[in-house]
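Visitor: Okay, here's the structure, questions in a sec.
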Amino acid sequence: MAHFVIMGCGRVGATLAHTLEDAGHSVAIIDQDDRAFRRLRQGFTGRKVTGVGFDRDTMKQAGVAEAYAFAAVSSGDNSNILATRVARETFHVPHVVARIYDPGRAEIYQRLGIPTVAAVRWSADQVLRRILPEQHLAGDFREPSGRLVLAELDLDAGWIGHPVSSIEKAADIRVAYLTRFGEGILPAAGTAYQDGDTVHAMLQVDRSSQVAQILAKAPAKESQ
């Protein structure tokens with residue numbers, strides 16, 4: 001069980017809140033207009049916080065300091081980006097994502113290392129994939145037999161600076177490519193994992209949980 005904070009209680013925010021609560025997580029949702037909380041179903045047990053989503057006091061009321069992830073999905077690009085930056089840079093929330101209506105701006109922020117989802121391609125699934133590791137492992141592609149999956153992987157910060165080859169060896173996977181500053185790159189022999197990189201790797205479906213557990217820990221000294 002983890003704590004998630006959502007900014008914006010529109011249709012998108014309400015869908016995320018219900019999905020996360022159904023998965024057993026605690027949820028806090030922020031909106032400037034308390035009437036927006038009417039979109040939440042009866043029996044919703046999460047925290048409802050009325051206020052400006054990027055205001056630090058408002059975010060503290062929502063428990064952002066203890067949050068595993070923060071999703072800004074209000075109707076304003078600027079508000080979403082600002083709130084996401086505050087969550088990441090001030091409160092050090094490990095997983096953040098911002099919904100952006102302007103695809104051009106989304107690409108710019110992606111290059112700056114701020115995970116974004118452009119509204120024209122938006123779906124609740126895409127946001128969940130960026131804040132729930134198990135959704136990463138669900139994968140974008142499976143080969144015909146269903147035994148292999150291409151998945152986004154979360155790595156402990158201790159892997160920063162280590163060669164991609166050491167990641168492959170430790171987890172017994174094949175790294176297909178990295179996303180760095182919003183662009184895909186094919187790892188070469190000496191490519192090292194950098195802060196902000198997203199690792200996309202092929203792995204056996206039945207080893208998904210094991211791979212996640214291995215990479216969620218700092219590497220052993222012998223793998224350096």
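The values are calculated or read from the model by the stated rules, or taken from the named source; none is laboratory data. Since we're looking at a predicted model, the values are computed, not measured. No Cβ is skipped: glycine too gets one built from the backbone with ideal geometry, and neighbour counts run over all protein chains shown. Remember, those area values only see protein heavy atoms, side chains included, never the ligands or the DNA or RNA. Shrake-Rupley method; radii C 1.70, N 1.55, O 1.52, S 1.80 Å.
Visitor: Cut-off 10 angstrom, C-alpha nodes, Gaussian network model of the chain. Which of ALA106, ALA170, ALA17 fluctuates the most?
Guide: Largest GNM mean-square fluctuation: ALA170.
Visitor: Any idea what log10 I(q)/I(0) is at q = 0.09, 0.14, 0.17 Å⁻¹ for the chain, Debye with uniform C-alpha scatterers and no solvent?
Guide: -0.38, -0.89, -1.21
Visitor: Could you work out the longest stretch of the chain that avoids the trypsin sites (Lys or Arg not before Pro) located in DSSP loops with at most 15 other Cβ atoms within 10 Å? Can you show the working numbers first?
Guide: On the way: sites that count: ARG41, ARG147, LYS217.
Answer - 42-146.
Visitor: State the extension gain, in nm to one decimal, for the chain segment bounded by VAL205 and ASP172, taking 0.36 nm per residue of separation less the distance between their alpha-carbons. Spell out each step's value before the answer.
Guide: Values: separation 33, 0.36 × 33 = 11.88 nm, distance 1.24 nm.
Contour length minus the Cα-Cα distance gives 10.6 nm.
Visitor: For a Förster distance of 25 Å, can you work out the FRET efficiency between the beta-carbons of HIS92 and THR179, rounded to the nearest 0.05? Can you show the working numbers first?
Guide: Working: r = 21 Å, r/R0 = 0.86.
The value I calculate is 0.70.
Visitor: Return the percentage of antiparallel bridges among DSSP beta bridges fully within the chain, rounded to the nearest 5 %. Each step should come with its number before you reach the end.
Guide: Values: 17 of 37 bridges.
Counting only bridges with both partners in the chain, antiparallel ones make up about 45 percent.
Visitor: For region 1-71, with all protein chains present and a 1.4 Å probe, just round the carbon and sulfur fraction of the accessible area to a whole percent.
Guide: Numbers: 1510 of 3550 Å².
With neighbouring chains kept in place, the figure for region 1-71 is 43 percent.
Visitor: A further question on this structure: Return P(r) of region 1-129 (all Cα-Cα pairs; 10 Å bins starting at 0; whole %; ordered from short to long distances).
Guide: Using 10 Å bins, I get a P(r) of 14, 51, 32, 3 for region 1-129.
Visitor: What lysines does LYS60 reach when the alpha-carbon gap must be under 24 Å and sequence neighbours fewer than 8 apart in one chain are set aside?
Guide: Leaving aside lysines fewer than 8 places away in the same chain, those within reach of LYS60 are LYS48.
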